[in-house]
Amino acid sequence: MDLTIFTGWDFRYTEVNKLRSIRILLSLYGTRQCTDDHMKTFNVPIIYRSPLISAIKQQRKQQDRMKKDFTPTLLDFGPVRIQLARHFGFCYGVENAIEIAFRTVDENEGKRIFLLSEMIHNPQVNNDLLSRGVKFLMDTSGRQLIPWDELTADDIVIIPAFGTTLEIEGRLQDMGITPLQYNTTCPFVERVWNKAEQIAAKEYTVIVHGKPKHEETRATFSHSRHHTPTIVVKDMEETHRLAAYILGTRPAEQFYEEFKGQYSDGFDVTKHLQRVGVVNQTTMLASETQAIADYIKQTIQEKYQLAENQVGERFADTRDTLCYATNDNQTAVTGMLETEADLAIVVGGYNSSNTSHLVELCEEKLPTYFISSEEKLLSRDEISHWDFHHHEELHSTQFLPKKETPVTILLTSGASCPDAIVEGVIRKLLSFYGMEHKVNEAIETFG
């Protein structure tokens, strides 16, 4: 069986391993996988699955249905030990998006199909869609790749998992394209929009914690500013500067240049920061969002001399608007980091926000390598990896320590990374020790 023909993606396994993986996956799940006992299931191409990872996740799920245990899973292969995070990989929103996108392609043969931009931040999945004839209208920064006037009412436009702006929805509607007919927006992103609308109805200004240029933040900003004055802060440093305007310790006129492009039209810094609430891009660091909300709350209390039971008059209780998968994956990394290890490897798309935050957590404790696939593991001594701080790929040597005791590696992946890629990374690491065959034994053990 040629999986390259089947998926458009060369998985680089031997034919025996390819066939074995398909058989094991079909026996475990058929073509469906449940993301959670209480959530719907999705049809996702089987090649994105991994027999090893599926078996491990299924066993951990049976042992810990309430998801209270965030310790990693130990894969002990003798000279190399891999501590696999409790939660990682495809989330509900990603599986939902993949199912809708691939079903749209299958059901609309002969039609032109476009994605507003990358459906999710994973190169393998996006390349598979491109190989099926789908085209991107914009890149991830919003730069137009195909002019709007080339579209017709007969074309299909898929909205990516990040959602889109009301302005783009309106433009599509004007062209005769129903904008929400093929909508893969993550329900947890829509929940943030709903929360912003709820507090807007109570006349609070919305502060969005997110990356201003990220597709999701641009969409959330658009939806929020439709209802209320809105401003985006990307980190705690910007939050401190915004707090100075709340307190009046910074000249109001400086605000408009300092936060240019991050506030809604007609924003009045002297009026619109008196009653606020904080929501976020769903993939941000949970601890940072909480710290930003707490800081803004304290600033409001200081400015208006409010007792704790009075804070709600000027600070909306938005609670946490991170998605469940972001919370679980970040908590799982925290649990994984309690284990002694030599290094960490985080797998995912280089422009994936949620993945970069997992890297950020790991970097605080030990050497961390951010890779997009097993192909970045060049040899036992060489690795190509992404420096998301400076947006450049680095080449490092001797990343695997030479030692008599076992090498211990912490391993996780982002919410848009297929489990098959994680298994590919495990196989490649084991191949450096002549132990790739041990993966099949592990599948049998966990299965």
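So here's what we get for this one:
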read-out: Failed criterion for GLY266 (all others in (1) at pLDDT 95 or above; (2) assigned to a helix (DSSP H, G or I); (3) not basic (Lys, Arg) hold); value: (2)
read-out: Which listed residue is in contact with a strand residue (DSSP E or B) (Cβ under 8 Å, 6 or more places away or on another chain) and at pLDDT below 90, from ASN43, ASN108; value: ASN43
read-out: Single unsatisfied condition, ASP328 versus (1) out of contact with any Leu (no Cβ under 8 Å at 6 or more places or on another chain); (2) open to solvent by less than 50 Å² (accessible area, probe 1.4 Å); (3) at pLDDT 95 or above; value: (3)
read-out: Condition met for SER384 (in contact with a Lys or Arg (Cβ under 8 Å, 6 or more places away or on another chain), at pLDDT below 95 and within 28 Å of ASN127 (Cβ to Cβ)); value: no
read-out: Cβ-Cβ under 7 Å pairs, at least 6 apart or on other chains, the range 293-316 side farther than 14 Å from ILE199 by Cβ and surrounded by 15 or more Cβ atoms within 10 Å (Cβ to Cβ), far side modelled with pLDDT of 95 or more and of a type in the set (Ser, Thr, Tyr); value: TYR295/THR239
read-out: Search result, residues across the range 139-185 that are surrounded by 12 or more Cβ atoms within 10 Å (Cβ to Cβ) and touching a Pro at 6+ places or on another chain (Cβ under 9 Å); value: VAL157, ILE159, THR164, ILE168, GLU169, ARG171, LEU172, GLN173, THR184, THR185
read-out: Residue list for the range 367-385, restricted to those being among the polar types (S, T, N, Q) and surrounded by 14 or more Cβ atoms within 10 Å (Cβ to Cβ); value: THR368, SER372, SER373, SER384
read-out: Any chance GLU360 is under 19 Å from the mean Cα position of the chain (by Cα), in contact (Cβ under 8 Å) with a residue 60 or more places away in the chain and farther than 23 Å from VAL44 by Cα; value: yes
read-out: Output for the range 396-426, where each listed residue is assigned to a helix (DSSP H, G or I) and either surrounded by fewer than 20 Cβ atoms within 10 Å (Cβ to Cβ) or of a type in the set (Asp, Glu) (or both); value: ASP419, GLU423
read-out: Any hit, the range 333-349, residues being under 30 Å from GLU118 (Cα atoms), of a type in the set (S, T, N, Q) and open to solvent by less than 10 Å² (accessible area, probe 1.4 Å); value: no
read-out: Long-range neighbours under 7 Å by Cβ, at least six apart or interchain, first residue free of Cβ contacts under 8 Å to residues at least 60 places away in the same chain within the range 194-205, second of a type outside the set (Lys, Arg) and open to solvent by 50 Å² or more (accessible area, probe 1.4 Å); value: GLU197/HIS227; ALA200/HIS227
read-out: Hits in the range 47-56 (condition: in contact with a strand residue (DSSP E or B) (Cβ under 9 Å, 6 or more places away or on another chain) and either farther than 24 Å from GLY349 by Cβ or in a helix (DSSP H, G or I) (or both)); value: LEU52, ILE53, SER54, ILE56
read-out: From SER264, SER222, residue being touching a helix residue (DSSP H, G or I) at 6+ places or on another chain (Cβ under 8 Å) and over 28 Å from PHE90 (Cβ atoms); value: SER264
read-out: Among the candidates ASN354, ASN440, residue that is in a helix (DSSP H, G or I), at pLDDT below 95 and within 22 Å of the chain's Cα centre (by Cα); value: ASN354
read-out: Subset tally (residues that are under 20 Å from ASP342 (Cα atoms) and open to solvent by 40 Å² or more (accessible area, probe 1.4 Å)) for the range 71-123; value: 5
read-out: Filter result (assigned to a helix (DSSP H, G or I) and crowded, with 19+ Cβ neighbours inside 10 Å) within the range 186-200; value: PHE188, VAL189, VAL192, TRP193, LYS195, ALA196, ILE199, ALA200
read-out: Every residue from the range 162-185 that is in contact with a His (Cβ under 8 Å, 6 or more places away or on another chain) and assigned to a helix (DSSP H, G or I); value: LEU166
read-out: Test: ALA219 is open to solvent by less than 30 Å² (accessible area, probe 1.4 Å), touching a His at 6+ places or on another chain (Cβ under 8 Å) and under 17 Å from THR321 (Cβ atoms); value: no
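Residues checked against (1) open to solvent by less than 10 Å² (accessible area, probe 1.4 Å); (2) over 22 Å from the mean Cα position of the chain (by Cα); (3) modelled with pLDDT of 95 or more:
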position	(1), (2), (3)
TYR204	no, yes, yes
ARG225	no, yes, yes
VAL232	yes, no, yes
ASP235	no, no, yes
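The values are calculated or read from the model by the stated rules, or taken from the named source; none is laboratory data. What you see is a predicted model, and the numbers here were worked out from it, not measured in a lab. Positions of Cβ are generated from backbone atoms using ideal geometry, with glycine treated the same way; all protein chains shown enter the neighbour counts. Note: areas computed on protein heavy atoms with side chains; ligands, DNA, RNA excluded. Shrake-Rupley method; radii C 1.70, N 1.55, O 1.52, S 1.80 Å.
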